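One structure is given below, encoded as structure tokens.
The values are calculated or read from the model by the stated rules, or taken from the named source; none is laboratory data. Please read these numbers as outputs of a predicted model, since none were measured by experiment. For neighbour counting, all protein chains shown are included, and Cβ atoms are generated from backbone atoms with ideal geometry for every residue, glycine included.
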Amino acid sequence: MPNPLDAHRRRIDAIDAKLLQLLQERNALAAEVLTTKIDAGLPVFVPEREQAKVAAFRRAAGELGLDAGWAEDFLRMIMSSSRDRQSHADFPQCPGGSRTILLVGGAGQLGRCYGRAFTASGHTVRTLETGDWEQVDQLAADADAVIVTVPIRVTEQVIARLGPHLTPDTVLADFTSLKAGPTAAMLAAHAGPVLCLHPMHGPDVANLSKQLITACPARRPAASAWLRDQFRLWGLRVVELVPAEHDRIMDQVQGLRHFVALLHGSFLRETNLAPADILALSSPIYRAELMMTGRIFAQNAELYADIVFASTERRRLLERFLTHHQQLAELVRKDDKAGFVREFEAIGAFFGDFAAQARAESGYLIHRLADRFV
């Protein structure tokens, strides 16, 4: 007997094929838009345009009886795919024409990531590696910007060695995740413009659009404005702040977060409970936490050691963190459930409205993760 669903399935398959054709047409049109942006020197990513587009799409979906949240997800996936495709094309160039960029450590992953972006914007990119110091005068002679992208433990030594070879108008910058020490080193080594940078993303991002980079203009900010403009044209979100505030936040965001991952992973190893053994019985939220922990241990151990042990202040924070946990451990030793409740509620009051926001946003991530991978 024929399956009563066959006719419906054929119609669905035909609609899906049309959707793919329309997506292909949209991608082609998006490529034309990118070409126009490059010619006009316009940013790859314009937040206001995206927000307006999303709002209009949600309204239109609601008028058709579709779920507005689902429609927004669908649109954002399409736009994300367009940005990924655009990352393989040329990028807009900042005003003032092509510059020469020297990436010290440019053969590393992050150096290669930004080297591709500078090249795609029509700039001349050079790299200085460990064996190239005999050519440093030639490489740095007419460089408009020199960006140091080397491990934290050698950043300040490299900066000191670079200083005498830079011209007075060269912008000296760094990509280090710690800012106080490198800033002082750059100001001491170079009399010209100094810009401290920290890309808040990994080197494996498909494109730089919507990624975050922090900037701490330390001397002659007007002279490095073109570099920040170039980042914005790529679609990067540029957040400016002072080095001390950057480091205070990063001690928590990076140092403490990575140390907590070490604690989590180390205790799993201590109890001999392999991730594969518990994954099938994990709730979506624990699966997400396990994935965030596991991704760290798929990367370079020395890189994370450099981050965790980056400064005396950061190590003191971690010591304070461990002491605080010893205090909380007393609740467990004493079977103090009432104390646990008091601490829990006090933390909830401290988090305030953010707790509800976190619940909503994490719920979104959990549902999407479960739908895609579970």
Subset of the range 244-285 that is exposed (fewer than 14 other Cβ atoms within 10 Å of the Cβ) and among the polar types (S, T, N, Q) - its residue that is nearest to L318 (Cα to Cα): Q252
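Conditions tested, residue by residue: (1) over 25 Å from the mean Cα position of the chain (by Cα); (2) loosely packed, with under 13 Cβ neighbours inside 10 Å; (3) free of Cβ contacts under 8 Å to residues at least 12 places away in the same chain.
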{"residue": "E25", "(1), (2), (3)": "yes, yes, yes"}
{"residue": "A30", "(1), (2), (3)": "no, no, no"}
{"residue": "V44", "(1), (2), (3)": "no, no, no"}
{"residue": "L64", "(1), (2), (3)": "yes, yes, yes"}
{"residue": "A68", "(1), (2), (3)": "yes, no, yes"}
{"residue": "A71", "(1), (2), (3)": "yes, no, no"}
{"residue": "I78", "(1), (2), (3)": "no, no, no"}
Those helices (runs of 4 or more DSSP H) lying entirely in the range 239-330 with at least 2 residues among the charged types (D, E, K, R): 243-250, 257-270, 284-296, 301-308
Top-ranked residue of the range 55-103 - restricted to ones that are assigned to a helix (DSSP H, G or I) and in contact with a Leu (Cβ under 6 Å, 6 or more places away or on another chain), ranked as farthest from T155 (Cα to Cα): F57
Failed criterion for L75 (all others in (1) modelled with pLDDT of 90 or more; (2) under 22 Å from A117 (Cα atoms) hold): (2)
Criterion (outside the structural domain of T176 (by TED's automatic domain parsing), more than 21 Å from S177 (Cα to Cα) and among the small types (G, A, S)) met by exactly one of S283, S311: S283
Neighbours by Cβ (under 7 Å, 6+ apart or cross-chain): first from the range 258-275, in contact (Cβ under 8 Å) with a residue 60 or more places away in the chain and more than 14 Å from M291 (Cα to Cα); second in a helix (DSSP H, G or I) and of a type outside the set (G, A, S): F259/V308; F259/L318
Matching residues, the range 270-292, being under 15 Å from R368 (Cα atoms) and of a type in the set (V, I, T): I285
Qualifying residue in the range 107-120 (condition: of a type in the set (G, A, S), at pLDDT 95 or above, within 21 Å of T176 (Cα to Cα) and not in a helix (DSSP H, G or I)): no
Some residue of the range 117-136 being more than 19 Å from R228 (Cα to Cα) and buried (at least 22 other Cβ atoms within 10 Å of the Cβ): yes
